[in-house]
1. Could you work out the relative contact order of region 6-93, using alpha carbon pairs under 8 angstrom and six or more residues apart, expressed as a whole percent?
2. Cα axis of helix 87-97 to longest principal axis of the chain: angle in degrees, 0 to 90, nearest 10?
3. Dividing the alpha-carbon Rg of region 70-122 by 2.2 N^0.38 Å yields what?
4. Place +1 on the Cβ of every Lys and Arg and -1 on the Cβ of every Asp and Glu in region 199-244, take the dipole about the Cα centre, and give the residue among Gln235, Cys221, Val207 whose Cα lies farthest towards its positive end.
5. So what is the relative contact order of the chain, in percent, for Cα pairs below 8 Å that sit 6 or more residues apart?
6. For the chain, taking Cα atoms only, what is the radius of gyration to one decimal and the Dmax to the nearest whole Å?
7. So how much slack lies between Asp142 and Asp329, counting 0.36 nm per residue of separation and subtracting their Cα-Cα distance, in nm?
8. Could you size up the charge dipole of region 269-370 around its Cα centre, putting +1 on the beta carbon of Lys and Arg and -1 on that of Asp and Glu, and report it in debye to the nearest 20?
Amino acid sequence: MNKEQLAFKRDLFKKKQTFTLPFGRGGVDAWECSDDARLCGAPVVSVLMLAYRHEPYIAQAIKGVVRQNLSFPMELIIGEDCSPDKTLEVALYYQKRYPEIIRILSSDANVGARKNAYRLEMSARGKYIAYCEGDDCWHDADKLRMQVDFLENNPGYGMAFTNADYFDVATGVRKKNAVPFKPDLWRDDNAYLSQLMGATTILPLTVCVRTSLSRQVINECQEVTDSAYAMGDTQRYLEIAMRTRIKYFPASAATHNLLPESASRSQNILKKAAFVESGKRLTLHYLDKYPLPPDQDKEVRRWVALRSLYYAYLCRDRDRAFEEKKVLDNLGVELPWKFRLYWMGSRGWFANILVSVLFRALDGALAVRRHATPLSTHLIP
């Protein structure tokens with residue numbers, strides 16, 4: 001940031017706070033742009049919006065928040081992390097339009113997603129926190145009202161989340177209610193097990209949580225702010241599930257934009273595999289931290305090992321495949337036929353090609369038989 005840009009920002013961002021992350025993970029400054037004279041005094045909900053290089057999307061994200069049908073006050077706090085594009089300019093435009101709602105936090109230099117998220121969490125004034133990153137949006141104007149009403153009337157629950165649509169920005173294709181959900185595996189009163197068993201994926205943009213609970217797990221559980229894990233939300237929801245019930249609403253209320261490259265989605269299979277490997281380490285860590293009964297523990301370890309074996313096949317990673325095969329053997333798991341092929345296909349370049357050709361042939365045959373079978377038939381559900 002040059003001197004002129006810094007001077008411009010300082011003219012608008014006049015309030016400064018410094019936050020200290022737990023577990024010795026450093027501090028982060030937050031310069032705030034807001035209008036104290038017009039800002040609502042006691043918001044019920046604080047909506048937190050991480051924003052970095054989100055110029056094409058952030059206007060839609062902001063509109064989805066400010067258009068919520070509410071009978072109570074809310075605030076939208078945008079954490080703009082010194083984007084090289086015009087994300088900040090767009091955010092400032094909407095802050096002037098909605099000064100009673102919008103606060104913007106920024107700094108003199110990029111601080112990274114984890115520190116940006118922490119200063120947002122600690123700046124929230126509402127009883128509840130909801131999330132919408134600057135490249136996503138809410139399409140249901142009743143999302144917050146539905147979640148807050150439920151949490152207000154059910155004190156035994158600490159968090160509520162919904163399903164979501166996926167919108168592929170490259171193709172323009174929208175998939176409604178796109179997040180898989182297995183009702184037979186979900187239990188409100190044991191969402192910890194449900195998450196580890198793969199009942200569903202909880203996306204941040206679908207969540208509304210009690211602020212006190214969210215802050216508790218952030219400041220007490222070192223995993224939540226640990227950069228050793230590629231993900232920053234999975235561990236938070238596992239910790240919350242150990243402390244309270246979690247409510248799932250099956251209707252989609254938000255849209256997750258699928259970008260060509262993101263932390264959890266990449267065109268590079270090695271990056272995808274690295275993200276999966278980080279998730280595996282996190283899951284195994286939690287099996288040690290909060291142990292499950294033996295039969296449930298075995299099922300989770302089985303699922304994790306099978307998924308890792310699949311990615312070993314995709315990456316032609318012979319060593320990882322042998323490692324996961326050993327884990328499965330020790331668990332007494334007999335490989336399903338698809339995974340036997342993954343195992344064979346990970347053992348060398350030529351074997352990988354043969355197995356890939358076989359899967360394409362099987363997919364083609366199923367497509368003819370069923371008229372509409374996706375090419376990913378052999379992928380893990």
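Bear in mind these aren't lab numbers, they're just calculated from the coordinates by the rules spelled out. None of these values were measured; they are calculated from a predicted model. Counting neighbours? That spans all protein chains shown, and the Cβs are built from the backbone with ideal geometry, glycine included.
1. On the way: 101 pairs, mean separation 23.6, N = 88.
Once divided by the residue count of region 6-93, the mean separation gives 27 percent.
2. 50 degrees
3. 1.21
4. Value: Val207.
5. Working: 667 pairs, mean separation 50.1, N = 381.
Reported relative contact order: 13 percent.
6. 22.4, 69
7. The span from Asp142 to Asp329 would gain 62.4 nm if fully extended.
8. 380 debye
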